[in-house]
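Peer 1: The structure's right below; bear with me while I get my questions together.
The values are calculated or read from the model by the stated rules, or taken from the named source; none is laboratory data. Small disclaimer: the values here were computed from a predicted structure and weren't measured. Note that each Cβ is placed from the backbone with ideal geometry, even for glycine, and that neighbours are counted across all protein chains shown. Protein only, heavy atoms only, side chains kept; ligands, DNA and RNA dropped before computing areas. Shrake-Rupley method; radii C 1.70, N 1.55, O 1.52, S 1.80 Å.
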Amino acid sequence: ELDAIGHEFTHGIDKHNGDLEYINQSGALDESFADIFGVMVQKDNGTLNWTIGELSGTLRVIDNPSTSPTIGGGPQPSVYLVDINWYAGPVANDNGGVHTNSGVQNYWFYLLSQGSAGAPGGVVGNVIVNSIGINNAANIAFYNLVNYIGNLSQYTDAAIGSILSARDIFGLCSNELKQTQNAWAAVRIGVP
């Protein structure tokens with residue numbers, strides 16, 4: 001399972017860069033970055049799909065987090081805080097929902113990669129996101145992980161960091177920056 005190997009390898013990259021604390025939102029971001037690069041490792045081997053761990057029973061569904069099976073922490077939220085699937089329980093359960101709440105950044109990555117037209121479950125708030133392609137979206141996510149994410153980063157920090165990453169890579173008035181911000185607004189963080 002290349003996606004699972006890429007997922008676990010990304011945890012090692014995080015440990016030496018952002019070193020996200022494995023609890024609550026920072027832990028959910030850690031899981032999400034691992035999911036994103038699990039998808040990328042599998043894609044670079046010739047198979048792009050939006051699931052993690054499908055050979056041993058799908059763990060997470062990136063393009064439609066609410067359909068993620070229970071074994072992977074799901075169903076997961078696709079929008080921040082207000083989604084019925086957002087985990088807000090005690091830390092004792094899955095370190096504060098790290099496997100559940102990772103769905104928000106996963107869905108942001110899907111929207112940024114593919115655009116919002118025809119996205120499963122629709123897009124909250126009628127925000128239109130135009131695709132910038134999976135490679136550009138992955139470049140933004142990786143740049144954010146190694147340059148802006150810190151130990152206790154929250155989802156709002158990830159949004160700001162990825163917008164700054166898009167600016168650094170593509171320029172201040174670039175379409176990639178605009179779509180990065182739109183994708184976050186679609187998952188209820190910030191404005192389009």
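Peer 1: Which numbered condition trips up Lys178, out of (1) in contact with a Pro (Cβ under 9 Å, 6 or more places away or on another chain); (2) surrounded by fewer than 18 Cβ atoms within 10 Å (Cβ to Cβ); (3) in a loop (DSSP other than H, G, I, E, B)?
Peer 2: Only one criterion is unmet by Lys178, namely (3).
Peer 1: Please pick out the residue among Ile169, Ile128, Ile84 that is part of a helix (DSSP H, G or I) and over 15 Å from the mean Cα position of the chain (by Cα).
Peer 2: Step by step, each of Ile169, Ile128, Ile84 is checked, and only Ile169 is part of a helix (DSSP H, G or I) and over 15 Å from the mean Cα position of the chain (by Cα).
Peer 1: If I ask for residues that are open to solvent by 10 Å² or more (accessible area, probe 1.4 Å), on the phi < 0 side of the Ramachandran plot and either assigned to a loop (DSSP other than H, G, I, E, B) or touching a Leu at 6+ places or on another chain (Cβ under 7 Å) (or both), which ones from region 31-47 would you list?
Peer 2: Those that are open to solvent by 10 Å² or more (accessible area, probe 1.4 Å), on the phi < 0 side of the Ramachandran plot and either assigned to a loop (DSSP other than H, G, I, E, B) or touching a Leu at 6+ places or on another chain (Cβ under 7 Å) (or both): Val41, Gln42, Asn45, Thr47.
Peer 1: Could you give me the residue pairs with C-beta distances under 6 Å whose first residue belongs to region 42-54 and is under 21 Å from Pro69 (Cα atoms) and among the hydroxyl-bearing types (Ser, Thr, Tyr), whose second residue is open to solvent by less than 70 Å² (accessible area, probe 1.4 Å) and assigned to a loop (DSSP other than H, G, I, E, B) wherever it lies, and which are 6+ apart or on separate chains?
Peer 2: Within 6 Å, the pairs are Thr51/Thr58.
Peer 1: Still on this structure, I have one more. Restrict the check to region 50-61 and report whether at least one residue is in a loop (DSSP other than H, G, I, E, B), under 18 Å from Val187 (Cβ atoms) and either touching a Cys at 6+ places or on another chain (Cβ under 8 Å) or of a type in the set (A, V, I, L, M) (or both).
Peer 2: Taking region 50-61 and keeping what is in a loop (DSSP other than H, G, I, E, B), we get 50, 53, 57-59.
Within this subset, residues satisfying the condition of being under 18 Å from Val187 (Cβ atoms) are 50.
After this cut, where a residue has to be either touching a Cys at 6+ places or on another chain (Cβ under 8 Å) or of a type in the set (A, V, I, L, M) (or both) as well, the list is none.
No; the residues of region 50-61 include none that is in a loop (DSSP other than H, G, I, E, B), under 18 Å from Val187 (Cβ atoms) and either touching a Cys at 6+ places or on another chain (Cβ under 8 Å) or of a type in the set (A, V, I, L, M) (or both).
Peer 1: I need the full set of residues from region 1-30 which are surrounded by fewer than 20 Cβ atoms within 10 Å (Cβ to Cβ) and in a helix (DSSP H, G or I), in order please. It would help to see each step written out before you state the result.
Peer 2: Within region 1-30, the first condition is being surrounded by fewer than 20 Cβ atoms within 10 Å (Cβ to Cβ), and the residues that meet it are 1-2, 4-5, 8-9, 11-13, 15-17, 19, 21-24.
Leu2, Ala4, Ile5, Glu8, Phe9, His11, Gly12, Ile13, Lys15, Asn24 - these are the residues of region 1-30 that are surrounded by fewer than 20 Cβ atoms within 10 Å (Cβ to Cβ) and in a helix (DSSP H, G or I).
Peer 1: What are the pairs with Cβ atoms under 6 angstrom where one residue, in region 165-186, is free of Cβ contacts under 8 Å to residues at least 12 places away in the same chain and the other, located anywhere, is in a helix (DSSP H, G or I)? Sequence gap at least six, or different chains.
Peer 2: Partner pairs satisfying both residue conditions: Arg167/Leu177.
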